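None of the figures in this text is laboratory data; all of them are computed from the coordinates on show. From a predicted model like this one, the values you see are computed outputs, not experimental measurements. Note that we place each Cβ from the backbone using ideal geometry, even for glycine, and neighbour counts take in every protein chain shown.
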Amino acid sequence: MSFGGFIGSSSGGNSGGDGGSGVSRVVADSPYNNTMPTAATIAHQSQQLVTSPLTQPMFNSSPLSLALKPKMEGIGDMGLIGENFDAVAMGRSSREDEYESRSGSDNLDGGASGDDQDTPLGKSSRKKKYHRHTPYQIQELEAAFKENPHPDEKARLELGKRLTLESRQVKFWFQNRRTQMKTQLERHENAILKQENDKLRIENIAMKEAMRSPMCGHCGGQAILGEIHIEEHHLRIENARLRDELNRICVLANKFLGRPLGSFPGTMPPGMANSGLELAVGRNGFGAMNSVDTALPMGLDFGNGLSSPLTMMSPRPTPSMTSTDVSFDKSMLMELAFAAMNELLKLAEIGDPLWFRNFDGSGEALSLEEYARSFPPCIGMKPSNFTTEATKATGTVMINSLALVETLMDTSRWVDMFSCIVGRTSTIDVISSSASGSRNGNLQLIQAEFQVLSALVPVRQVKFLRFCKQHAEGVWAVVDVSIDAIQEGSQPREAGNCRRLPSGCIVQDLPNGYSKVIWIEHMEYDENTIHNFYRPFIRSGRGFGAQRWIATLQRQCECLAVITSSAVPSGDGAVVSPSGRRSIAMLARRITRNFCGGVCATFYKWEPIQTGTAEDTKLMMRKSIGDPGEPPGIVLSATRTIWLPVTHQRLFDFLRNEQTRSQWDVLSHGGPMHQIVHIAKGQDLGNSISLFRANAAASDANQNSMLILQDSCTDVSGSIVAYAAVDTAEMNVVMSGGDSSCVAFLPSGFAIVPDCFQNSNNGMLEKEDNGGSSNGSLLTLGFQILVNSLPAAKLTMESVNTVNALISRTLQGIKTAFQCN
């Protein structure tokens with residue numbers, strides 16, 4: 001290899017011969033010493049060259065030679081690769097250490113150029129004079145090298161004049177420094193290759209051991225392929241699975257039915273319990289299957305609509321082994337769903353003393369003592385460290401029962417309707433469905449994440465059954481219940497922080513397309529994971545309770561009805577067409593959903609950078625690859641929650657007002673925003689969509705090409721102000737009714753909730769406008785910022801400090817506006 005021009009290529013006539021090639025390689029690989037090479041050292045190095053395993057001149061790079069040499073020479077054993085690698089790496093390491101000890105401070109004083117090193121072997125060259133740089137010179141040279149490792153002639157002259165060095169000395173020092181960096185890089189690459197070689201060698205040994213004694217991954221027995229018939233092998237796998245399932249069913253039978261499985265009539269013969277093969281083919285003789293169909297309580301009489309789901313619960317299972325197993329599992333899940341539906345209907349029907357009004361009058365809370373006396377545990381006993389939360393609310397919504405049921409049973413529409421509450425959801429399995437396509441009797445297994453917009457409240461992850469049943473014309477019920485008890489006994493999943501007792505809604509059609517909805521939320525959760533700021537808010541039912549679900553449903557249905565109505569004038573007197581308003585509303589809804597997912601980390605896969613507390617900012621990072629609707633690069637999410645002695649309504653009005661936006665928004669450039677479009681989403685003035693343009697200087701063309709789309713929504717549970725900067729050209733397409741799904745943005749915003757403190761009147765709080773009790777607010781600020789446009793880039797501390805400073809500046813502006821520093 002060539003050390004950056006310090007040792008040039010040979011120009012003698014022996015370059016094509018063996019001797020010239022050998023000498024050139026010896027000179028190139030030898031360390032740069034303070035004395036010229038003697039005949040003894042040259043002979044010693046030539047001898048090492050002849051005995052070196054890398055004798056082929058085409059391998060100029062150590063990593064390349066290691067990769068190609070076994071293939072070229074036909075060496076197939078991995079151990080040989082490691083041995084050759086170790087020998088080469090040790091030889092190179094010793095030479096590189098000797099070279100690096102002098103590359104930074106020693107230099108030649110004289111014509112030590114590449115041409116001076118290319119004199120034929122045996123001929124004397126003029127004696128070189130060495131020069132050792134001073135520590136100050138080395139420091140200045142290192143600083144200059146960091147700025148520019150390849151200085152031009154003018155820069156070298158200026159640097160040499162400042163350090164009293166010749167331009168040639170500066171040039172040689174930079175050449176040596178570049179060579180040193182290259183050597184360090186090669187050493188690092190060699191170390192990585194050695195680790196990979198060791199890993200492959202270990203895997204090779206493990207594969208050889210596995211081939212000597214193969215094990216079956218399904219049944220756990222020794223695999224002797226070729227000696228066991230394929231059908232017998234499949235039966236052994238099936239027997240292992242059935243034995244595990246039988247143990248689980250015995251536990252469930254003892255739990256749900258109050259007696260062990262063997263006490264049922266027609267129990268399994270004693271001989272079958274010990275016969276694996278008979279269990280696989282004799283499943284139809286499992287008498288307990290018939291007992292489960294008749295002994296378990298079926299709940300209420302659901303009428304003719306029950307015929308559809310019961311087709312999979314026939315008393316005599318089919319001979320098919322797989323269908324029998326699936327039918328048995330489904331029957332247990334359906335029994336749990338029926339019991340949950342029965343409990344939901346009773347909870348909705350019974351009033352006092354089972355339910356009592358909340359202090360604020362927005363809903364009803366469950367009397368836990370009365371509930372324990374009236375209802376048996378549906379999914380087992382409550383864990384000792386869990387807290388119960390049960391609320392009921394009733395309301396009228398602008399949607400008919402069929403449309404609402406379809407929304408609840410379609411997870412994509414469900415999460416779109418309740419995007420502020422449901423962060424992420426998926427349908428794991430459809431256990432029962434109607435042949436006619438109706439939702440009556442539909443039973444699904446769903447996994448979902450429920451959220452409150454703050455990093456101080458953990459996301460609730462629940463796996464539950466959702467069962468839909470029509471009880472009369474225009475009367476539907478949808479119930480949810482966790483399946484933790486079925487999976488792992490009475491205790492919830494180890495990683496879970498809550499479980500969902502029978503919860504859901506009962507919908508009854510009203511005239512004019514409206515519906516009456518009774519919503520019940522009953523959950524058990526670990527309160528210790530919630531910050532003290534939010535515990536009163538969660539206990540009040542506004543966080544995950546029925547009041548929030550009803551309020552969100554009413555607000556979303558009203559918004560849908562208003563957006564699809566006739567055209568209304570915009571903020572500047574123009575008229576936005578119905579298709580344009582629908583496109584703007586869809587874009588605004590996407591901004592709010594992405595904002596909520598960024599705060600709670602439920603929309604994308606985020607990598608935590610800094611844990612958030614009440615005093616610190618929570619930072620998360622993700623890499624965007626440029627999917628439609630988002631810019632490519634490194635996205636940093638920053639979230640922080642503070643308490644303010646300001647009422648919820650006043651804080652919400654301040655943050656959504658374009659006239660006061662300049663007091664906290666850096667995008668306003670110190671002046672009020674100009675509202676271009678305003679679209680109301682309901683009777684409440686706080687539910688609206690606004691399009692702003694900042695009053696930037698005329699010379700700032702980039703700022704003039706950007707608009708701010710803001711979506712604000714409010715109800716009894718809290719308020720949200722979400723906004724994002726959008727391109728003017730893309731926004732014009734959206735206002736004309738074009739597709740808004742490809743508009744790229746990164747959302748930011750605020751989530752505001754009342755603190756619900758009982759004794760929070762400390763002299764700083766304000767009275768509500770309606771004369772109610774004095775309360776403060778919990779304000780959560782969330783930013784998503786593109787810190788680098790390259791997805792492969794690394795996050796720097798400078799970007800983190802910039803985002804933290806932006807969060808602090810915004811919050812300080814809000815505090816100053818309300819004089820609550």
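Annotations
- Links that overshoot a 26 Å alpha carbon limit, given the list LYS171/LYS194; LYS605/LYS815; LYS392/LYS469; LYS182/LYS623; LYS146/LYS171: LYS171/LYS194; LYS605/LYS815; LYS182/LYS623
- Distance from the stretch 342-396 to the stretch 628-688 (C-alpha centre basis), Å: 37 Å
- FRET efficiency, ASN385 to VAL459 (Cβ-Cβ, R0 30 Å, nearest 0.05): 0.95
- Under the Karplus curve 6.51 cos²θ - 1.76 cosθ + 1.60, θ = phi - 60°, whole-Hz ³J(HN,Hα) for the stretch 621-635, x wherever Gly or Pro sits: 9, 8, 9, 9, 9, x, 5, x, x, 8, x, x, x, 8, 10
- FRET efficiency for the MET797 to ARG212 pair, using the beta carbon distance and R₀ = 35 Å, is estimated at 0.10.
- Distant-in-sequence amide contacts of ILE609, defined by a placed amide H-H separation under 5 Å and a gap of 5 or more residues or a different chain, comprise LEU619, MET620, MET621.
- Here the 3J(HN,Hα) profile of the stretch 165-175, calculated from phi with Karplus coefficients 6.51, -1.76 and 1.60 at θ = phi - 60°, is 10, 6, 4, 5, 5, 4, 4, 5, 5, 5, 4 Hz, Gly and Pro shown as x.
- Mean-position separation - Cα centroids, the stretch 729-746 and the stretch 419-463, in angstrom: 30 Å
- FRET efficiency for the pair VAL475 and SER412, taken as 1/(1 + (r/R0)^6) with r the Cβ-Cβ distance and R0 = 30 Å, rounds to 0.75.
- Alpha carbon centroid spacing (whole Å) that separates the stretch 580-594 from the stretch 168-217: 51 Å
- Label-point separation in nm, SER577 to GLU607, each point 7 Å along Cα→Cβ: 4.5 nm
- Taking the Cα centre of the stretch 361-469 as origin and assigning +1 to Lys and Arg Cβ atoms and -1 to Asp and Glu Cβ atoms, the resulting dipole is close to 160 debye.
- Rounded to whole Hz, the Karplus (6.51, -1.76, 1.60) HN-Hα couplings of the stretch 796-811, x for glycine and proline: 9, 5, 5, 5, 4, 5, 5, 5, 4, 5, 5, 4, 5, 5, 5, 5
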